[in-house]
Amino acid sequence: MTAAASGGQPVHCRLWPDIDPRTLHDLVRLRIDVFVVEQACRYSELDGRDVEPGTLHLWTSDASGPTSYLRLLTEPSGDRRIGRVATRADARGRGLARRLVEAALARCVGRTVVLDAQSHLTGLYSGLGFVPAGPQFVEDGIPHVPMRREPSYPAGDRVDT
């Protein structure tokens with residue numbers, strides 16, 4: 001599955017077993033480069049959720065490899081969760097993360113979507129329909145805000161009660 005992204009980069013969407021080994025390596029490396037190295041978060045990057053049935057991995061790439069990434073999980077409540085949103089340092093400022101979130105939301109019609117936004121990025125997520133869903137908290141030394149986006153429906157499909 002692909003869709004056009006900013007700068008002509010397609011948005012790729014795959015389940016973990018459908019990602020070729022080289023791309024999988026490069027996606028995990030991007031996450032480690034951003035979260036573990038750049039943001040100095042000491043945690044186990046591979047947490048077991050990547051391989052859960054139904055977890056989707058979305059990314060953009062260029063000739064140098066993945067430029068932006070996120071994963072879309074299903075919570076036990078049935079809510080969808082966006083996580084691990086990362087953009088390669090030299091690809092920032094192009095709107096790639098926003099395009100990935102938009103592509104993920106397009107796969108969540110009629111579902112509540114949650115995420116834990118780094119506090120400095122709440123404006124990005126607010127612009128996509130997310131609202132704070134709890135108090136700010138600190139994870140791995142970085143302030144975060146839990147956010148929620150209520151179910152959306154295609155135009156004309158919403159039933160008001």
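The values are calculated or read from the model by the stated rules, or taken from the named source; none is laboratory data. Note that the coordinates shown come from a computational prediction; the quantities given were computed from them, not determined experimentally. In this analysis, Cβ positions are derived from the backbone assuming ideal geometry, glycine residues included, and neighbour counts consider all displayed protein chains.
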| Do any residues in region 9-34 that are under 11 Å from E45 (Cβ atoms) have Cβ atoms under 6 Å from those of residues that are among the acidic types (D, E) and assigned to a loop (DSSP other than H, G, I, E, B), where the two are at least six apart or on different chains, and which pairs are they? | R31/E45; I32/E45
| R29 vs. criteria at pLDDT 95 or above and not in a loop (DSSP other than H, G, I, E, B) | no
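This table checks each residue for (1) at pLDDT 95 or above; (2) of a type in the set (D, E).
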{"site": "H57", "(1), (2)": "yes, no"}
{"site": "A63", "(1), (2)": "no, no"}
{"site": "I82", "(1), (2)": "yes, no"}
{"site": "V85", "(1), (2)": "no, no"}
{"site": "A104", "(1), (2)": "yes, no"}
{"site": "V109", "(1), (2)": "no, no"}
{"site": "T112", "(1), (2)": "yes, no"}
{"site": "D116", "(1), (2)": "no, yes"}
{"site": "S126", "(1), (2)": "no, no"}
| task | Scan region 128-161 residue by residue and report those that are more than 15 Å from R98 (Cα to Cα), at pLDDT 90 or above and not in a strand (DSSP E or B). | result | A133, G134, P135, Q136, E150, P151
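Looking for whichever is in contact with an Asp or Glu (Cβ under 6 Å, 6 or more places away or on another chain) and over 19 Å from R14 (Cβ atoms) here; the options are T122, T112. Which one fits? Explain how you work it out, then say what you get.
On the way: T122 fails: in contact with an Asp or Glu (Cβ under 6 Å, 6 or more places away or on another chain).
After applying the criteria, what remains is T112.
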| field | Check on A63, hydrophobic (A, V, I, L, M, F, W, C) and free of Cβ contacts under 8 Å to residues at least 12 places away in the same chain | value | yes
| remark: Taking first residues from region 133-147 that are more than 12 Å from Q118 (Cβ to Cβ) and free of Cβ contacts under 8 Å to residues at least 60 places away in the same chain and second residues anywhere that are of a type in the set (A, V, I, L, M, F, W, C) and surrounded by 12 or more Cβ atoms within 10 Å (Cβ to Cβ), the pairs with Cβ under 6 Å that are 6 or more apart or on different chains are A133/M147
| request: Report yes if some residue within region 71-83 is touching a residue at least 40 places away in the same chain (Cβ under 8 Å) and closer than 22 Å to T23 by Cβ; otherwise report no. | output: no
| When you go through T60, T112 one by one, which is the residue that is of a type in the set (S, T, N, Q) and under 30 Å from R22 (Cα atoms)? | T60
| said: Among the listed residues A86, A117, A103, identify the single one that is part of a helix (DSSP H, G or I) and either in contact (Cβ under 8 Å) with a residue 40 or more places away in the chain or surrounded by 13 or more Cβ atoms within 10 Å (Cβ to Cβ) (or both). | reply: A103
